[in-house]
Amino acid sequence: MPDVITVRVQTDSDSFQDVVVKIERPTYRKPFLGGFKNRITGVEFHNAGSQTIPKKPPDKGIQLFCRETQTVFEKNKPQQTKNTTSTQMTKTGLYVSTMSDKLVSPGKYLTAEEYHKRRLEAVIVLQTYFRRWHAINVVQNLREEKRLRLAWEAQEELRRKKEKEEKLRREHKRRLNAKTQEDFELLYHALESWRQEETVRINGTLTGAERKAAFCGLLEEEAQLIASIGRHKLNADEENQQKAILRFLDKCAQPRRWKAYDGKITEMDTQYTLRARELFEIYRSISMNDIPKDERMDVLLTLRRTVKEHECKLTQEIVELIDREVDLMSREVKEFNLEGLRKRICTLFLQYTKTPKFNPEVARILKVPPDPLKLYKNVNFCHSCENYLPSTEFPVPANSRTIGRCRLCWKLDNEARRRETFLKYKLILENLRKSEADYQDDAKIVFLIQHQDLQYMIENIWGCQSALSACSDLYDLVMVRWDKHREWSPWNTILLTKDEADAHLKLCNLQKAYKAAFIHRIKNKHIQAKNYFAQIPAMTSFLHRSDIQANAN
């Protein structure tokens, strides 16, 4: 059909008019609204539909559906089908057997009250059995928790007992084979404890001349023990000195290391590190004892070629000593007669390796700089030994206002008089610094505190015992932050055991966890510490900063 058609319309009985009609093509399929069909011709006639194009709703970008598609209407209706039955009875002319019949008699009639009462009794019985089962489960769970708790406590008690035994065994071993300064402190402390016990025993049991004689014997025995400790200390110092020399030379021979962007460690050997490693291997070879004669000769020849690279008075003396030892070895001189000569060679070669001209890598590690003028800035005078020493040789407590005695004089005075051991306080301070470094909040006060300051706090403020359990074993005590959100300081700390410290640091609200009396007691100790450290000029700025933080909180 064309888009435009002409329709002739009759306007009157004898007049017609042509009307131009424009055909609008439908853009959708018209719905079927019913119709009829001519049976004879087979032509279908449909009812007329609307010719107007429906107005489309605006597109909102959301797919919409009508309510009929969204809602489901359900209806439940019971249906009972009819089942027609009949009953056949005996009558004249018909016999029905009664063998399978049952006699049904009516039971006792239950009222509604009796029915509900019986149901209530049954419910009570069910609840009784359920509650019994539930109570049995609760008791079993509590019994299991108690068993686990007792097993854990027994295990912890066994662990603490083993740790204590191991600590005592380790201390006993350190006293028998003292090597370090802390070992000798323990030895002198044990000697002082024994002397005090003997003094108390003599004063309590003897009088007059017997008492004086006992004190004289005690003094002689103490002098013998001190002399024995001194001889053992000389041997330990000699062994430690040799180990320190080897560590020093090994440190010089280490390659340069740095961390790359991917976290890998890169190592690089320079000509100076290779030279230091060569000298380290030679020194370790010439300092070895009980090596074959041929190997000793090879080591000496290698040493001779190495030092001949530089001509000076030191190298000439080393070469002369090497030639002398080679000559004596060729004459079959015994080994113990060559010990002094070999020690001189080791000493001179060590001096050779510590000279930056022959070993440039050593200049980076030497404590004494090549330029003596640099020493004038950090040198202090010790009034006890009357020596000029670098500032690192002077222990300076936080409450000190002047430079006192050096470490060596302070150690000698402790060995001669008080004979105290500071190992426990050093361990507490070391653990405290490690824990503060893990916070990574730029803590500074803990690194200004020395073990003397920590000893004063533990002994005079905290009474050498835990604030919670009153445990007095210093090996099991640690210092942690009172308020973990603030920097550690003497006025923000608490002394606890290791287990108590772990539990304390997990608390979120101290006011709810502890009673008011306990918090008040801790605050008083903080005030004592603040009054003591307020006299130190270096602590003034930290005190002011902590007050600002407390007011902000």
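The values are calculated or read from the model by the stated rules, or taken from the named source; none is laboratory data. All figures in this text were calculated on a predicted structure; none of them were measured in a lab. No Cβ is skipped: glycine too gets one built from the backbone with ideal geometry, and neighbour counts run over all protein chains shown. Only protein heavy atoms, including side chains, enter the accessible area calculation; ligands, DNA and RNA are left aside. Shrake-Rupley method; radii C 1.70, N 1.55, O 1.52, S 1.80 Å.
What about residue 210, is it open to solvent by 80 Å² or more (accessible area, probe 1.4 Å), within 30 Å of residue 178 (Cβ to Cβ) and part of a helix (DSSP H, G or I)? The answer is no for residue 210. Checking 222, 197, 185 one by one, the residue that is free of Cβ contacts under 8 Å to residues at least 12 places away in the same chain and either hydroxyl-bearing (Ser, Thr, Tyr) or out of contact with any His (no Cβ under 7 Å at 6 or more places or on another chain) (or both) is 197 and no other. Going residue by residue through the range 134-155, is there one that turns out to be within 30 Å of residue 188 (Cα to Cα) and open to solvent by 80 Å² or more (accessible area, probe 1.4 Å)? No; the residues of the range 134-155 include none that is within 30 Å of residue 188 (Cα to Cα) and open to solvent by 80 Å² or more (accessible area, probe 1.4 Å). With respect to the conditions (1) open to solvent by 80 Å² or more (accessible area, probe 1.4 Å); (2) charged (D, E, K, R); (3) at pLDDT 90 or above, residue 444 lacks only one, and its number is (3). Among the numbered criteria (1) exposed (fewer than 11 other Cβ atoms within 10 Å of the Cβ); (2) under 23 Å from residue 347 (Cα atoms), which one does residue 236 miss? Evaluating residue 236 over (1) exposed (fewer than 11 other Cβ atoms within 10 Å of the Cβ); (2) under 23 Å from residue 347 (Cα atoms) leaves (1) as the failure. Residues in the range 213-246 that are over 30 Å from residue 179 (Cβ atoms) and of a type in the set (A, V, I, L, M, F, W, C): 213, 214, 215, 216. Kindly establish whether residue 315 is of a type outside the set (A, V, I, L, M) and surrounded by 12 or more Cβ atoms within 10 Å (Cβ to Cβ). So residue 315 passes the test.
Identify, by number, the condition in (1) under 29 Å from residue 339 (Cα atoms); (2) of a type in the set (Gly, Ala, Ser); (3) open to solvent by less than 50 Å² (accessible area, probe 1.4 Å) that residue 263 doesn't meet. Among (1) under 29 Å from residue 339 (Cα atoms); (2) of a type in the set (Gly, Ala, Ser); (3) open to solvent by less than 50 Å² (accessible area, probe 1.4 Å), residue 263 violates only (1). Residue count for the range 271-287 satisfying the condition of being surrounded by 11 or more Cβ atoms within 10 Å (Cβ to Cβ) and either without any contact (Cβ under 8 Å) to a residue 24 or more places away in the chain or in contact with a Pro (Cβ under 8 Å, 6 or more places away or on another chain) (or both): 6. Can you find a residue that is modelled with pLDDT under 75 and touching a His at 6+ places or on another chain (Cβ under 8 Å) anywhere in the range 35-45? No: the range 35-45 contains no residue that is modelled with pLDDT under 75 and touching a His at 6+ places or on another chain (Cβ under 8 Å). Kindly evaluate residue 459 against the criterion of being within 20 Å of the chain's Cα centre (by Cα) and surrounded by fewer than 21 Cβ atoms within 10 Å (Cβ to Cβ). So residue 459 fails the test. Being aliphatic (A, V, I, L, M), on the phi < 0 side of the Ramachandran plot and not in a helix (DSSP H, G or I) is the requirement here; does residue 322 meet it? No, not satisfied. Pairs are defined by a Cβ separation below 7 Å, a sequence spacing of at least 6 or placement on different chains, a first member in the range 490-510 that is free of Cβ contacts under 8 Å to residues at least 24 places away in the same chain, and a second member that is basic (Lys, Arg); no pair meets this definition. Within the range 494-507, none of the residues are over 26 Å from residue 159 (Cβ atoms) and under 22 Å from the mean Cα position of the chain (by Cα). Mind telling me which of the residues 126, 150 ends up being part of a helix (DSSP H, G or I), within 30 Å of residue 476 (Cα to Cα) and not assigned by the TED database to the domain that holds residue 471? It is 150. Cβ-Cβ contacts under 9 Å between residues 6 or more apart (or on different chains), taken from a first residue in the range 1-14 that is closer than 28 Å to residue 25 by Cβ to a second residue that is basic (Lys, Arg), are listed as 3/22; 3/25; 4/22; 5/22.
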